[in-house]
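As structure tokens, the structure follows; a few thoughts come after it.
The values are calculated or read from the model by the stated rules, or taken from the named source; none is laboratory data. Everything numeric here is computed off the predicted structure, so don't read it as measured data. Backbone-built Cβ (ideal geometry, glycine too); neighbour counts: all protein chains shown.
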Amino acid sequence: MPSLHDATVDLDPGHHRGVIDGRLFGSFVEHLGRCVYTGVFEPGHDSAEASGFRRDVAELVTELGVGLIRYPGGNFVSGYDWTDGIGPPERRPRRLDLAWRSIETNRVGTDEFLAWASSLGVEPMIAVNLGTAGVREAASLVEYCNIRGGTHWSELRRTHGVDEPHAVRLWCLGNEMDGPWQIGHKSADAYAALAAETAKAMRMVDPGIELVACGSSFHEMPTFGYWESTVLEQAGDHIDYLSMHAYYEEEDGDTDSFLASAVSMDSFIDGVVATVDAVAARRRSAHRIDIAFDEWNVWYRSRFPGMDSFALEEAGARIEDDYSTLDAVVVGDLLSSLLNHSERVRVACLAQLVNVIAPIRTEPGGPAWRQATFHVFAAVARLARGHGLVARVTSPGLRTRRYGDVPVVAASASHDPETGSVAVFVTNRAPGATRVRLRHPAFPRWSVRSAELIAADAAGPRDREAAARVRLTPLPTSGDSRETNLVLPPRSWTVVHAHAGREDPADEWVRR
Ligand code: AHR
């Protein structure tokens, strides 16, 4: 029987990080499998709006609390001609999508996606094709989206019934261009030169846009580090963000290492931030470059059957991972890593949104439901408001095969000084329970509103009905205004929501 661990988490309203906004709770819609077709979009479905987008899915997207959505890929974008997806739908070509071996009908394109995102109040992040296209196509797309009128592409948009510009601010300069699997894959030098020239032209069209250059596709890429330095050296003056991507999975039944995935995310982020800052220092540049972690999630890549196994079809199922409560605990811990780096990670996208490695699933003609990971993401997106708070953890260690000794407890926190709301997110990575003293003496008016958790359950959920029944469950707490005591179940993730405020100086005066 594993012993009970003890850990402390210290919070101080004076120790905070950057402002947290909706861009940290982004997601991703790619033309991949059933993410778009029979995912967000299914004309003829009982809940479809006149636009063809499913209302039931839109409601879940809103409940999830997503603040930003990246589109249209992903690997897909490297073979995509955006002009295929505009104009009368019946005239759009049916293309062979090489990235995911599918037939792309182009029934949904830029205008449909942007109208949908806007109807949900979600910021779009659009990727341009730098695999099989280049400067001209990217600049034309910015013109189509952001110029009011009076030019070829903006007038074309208006003839398509979109009078007002879409005003897209955030743009990705290609996708995973370091990856040999990418259509039009490039060397670091070739990509850096193309990214710089494309960025220049896109900004000539609209100086107000923000640009994300591709970093490494994952931490283990052989070119990691060299790729980042080369892109920053050559394109650094033209970009605002460098991207990061990472997917995690349980390998060989090594649950302890899987539960420590956020340790790997932490060191990946620290490494990229160090590289960004080192190159800036060498170049004597004061230009700020932050991180867009625009693909992250749990993804059982080892179960991916390979592209050859897919029939050439429209909206065929691709990588529809079923998530367990263990996966949800890991997703919660990864969110803590992002929150703990919120001064530099300013954009992050859970990849993806619907059906494809996603918190939301649908059946064609059938229901939409939440996966286990949904609840964790939704709780963080709802409660992590204001600014990131430093959560100082003192914890015993847990021996893992992949990462050596890691802290049993990980935590992140936020504080909104305007509302007094404090949220604390705590993971217990140990296979036994852990007692946590959450100390908050500098928040004298502390009162716990709720504490809820999800614990890894080896048995499930095994099917859709069971997945749809997964919920966060209440966790009893004890303590006073200085300290809250929790006993975290084995392998669990907990959110504590409290209301607190600094003591009003006027009260202090009255007491004296
Ligand atoms: O999210 C699925 C795929 O993972 C994306 O298309 C690609 O960018 C990444 O490798």
Worksheet item: Residues in segment 440-485 that are part of a helix (DSSP H, G or I) and small (Gly, Ala, Ser): how many?
Response: 3
Worksheet, complete the sentence: Picked from segment 87-102 (must be aliphatic (A, V, I, L, M) and not in a strand (DSSP E or B)), the residue nearest to residue 75 (Cα to Cα) is 99
Worksheet item: Hey, any hits in segment 280-287 for a residue that's touching a strand residue (DSSP E or B) at 6+ places or on another chain (Cβ under 9 Å) and over 19 Å from residue 24 (Cα atoms)?
Response: no
Worksheet item: Taking only pairs six or more apart or across chains, which ones have beta-carbon atoms under 8 Å, a first residue in segment 91-118 that is of a type in the set (S, T, N, Q), and a second residue that is assigned to a helix (DSSP H, G or I) and buried (at least 20 other Cβ atoms within 10 Å of the Cβ)?
Response: 106/85; 110/82; 110/85; 110/141; 110/144; 110/145
Fill in: The one condition in (1) under 22 Å from the mean Cα position of the chain (by Cα); (2) within 16 Å of the ligand (Cβ to nearest atom) that residue 310 fails to fulfil
(1)
Worksheet, complete the sentence: Filter segment 153-210 for residues that are part of a loop (DSSP other than H, G, I, E, B) and over 27 Å from the mean Cα position of the chain (by Cα); the one that is surrounded by the most Cβ atoms within 10 Å (Cβ to Cβ) is 162
Worksheet entry | Pairs where the first residue, in segment 241-257, is more than 23 Å from residue 127 (Cα to Cα) and among the charged types (D, E, K, R) and the second is within 16 Å of the ligand (Cβ to nearest atom) and in a loop (DSSP other than H, G, I, E, B), C-beta under 6 Å, 6+ apart | 249/300
Worksheet item: Quick one: would you say residue 409 is hydrophobic (A, V, I, L, M, F, W, C) and either in the same structural domain as residue 66 (by TED's automatic domain parsing) or more than 18 Å from residue 325 (Cα to Cα) (or both)?
Response: no
Item to complete: Six or more apart or on different chains, Cβ under 6 Å: which pairs go from a residue in segment 351-379 that's away from the ligand (no atom under 16 Å from the Cβ) to one that's small (Gly, Ala, Ser)? Could you list them?
Response: 362/39; 362/368; 369/468; 372/328; 376/328; 376/332; 378/65
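Return yes when residue 137 is under 22 Å from residue 210 (Cα atoms), assigned by TED's automatic domain parsing to the domain that holds residue 296, among the acidic types (Asp, Glu) and in contact with a Phe, Trp or Tyr (Cβ under 6 Å, 6 or more places away or on another chain) and no when it is not.
no
Hey, among 142, 108, which residue is closer than 30 Å to residue 217 by Cβ, assigned by TED's automatic domain parsing to the domain that holds residue 216 and part of a helix (DSSP H, G or I)?
Details: 108 fails: part of a helix (DSSP H, G or I).
Result: 142 is the single residue among 142, 108 that is closer than 30 Å to residue 217 by Cβ, assigned by TED's automatic domain parsing to the domain that holds residue 216 and part of a helix (DSSP H, G or I).
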Item to complete: Consider residue 245 carefully, then state whether it is surrounded by fewer than 16 Cβ atoms within 10 Å (Cβ to Cβ) and touching a Gly at 6+ places or on another chain (Cβ under 8 Å).
Response: no
Practice prompt. Answer yes or no: is there a residue in segment 50-64 that is out of contact with any helix residue (DSSP H, G or I) (no Cβ under 9 Å at 6 or more places or on another chain), modelled with pLDDT of 95 or more and under 23 Å from residue 204 (Cα atoms).
Written response: no
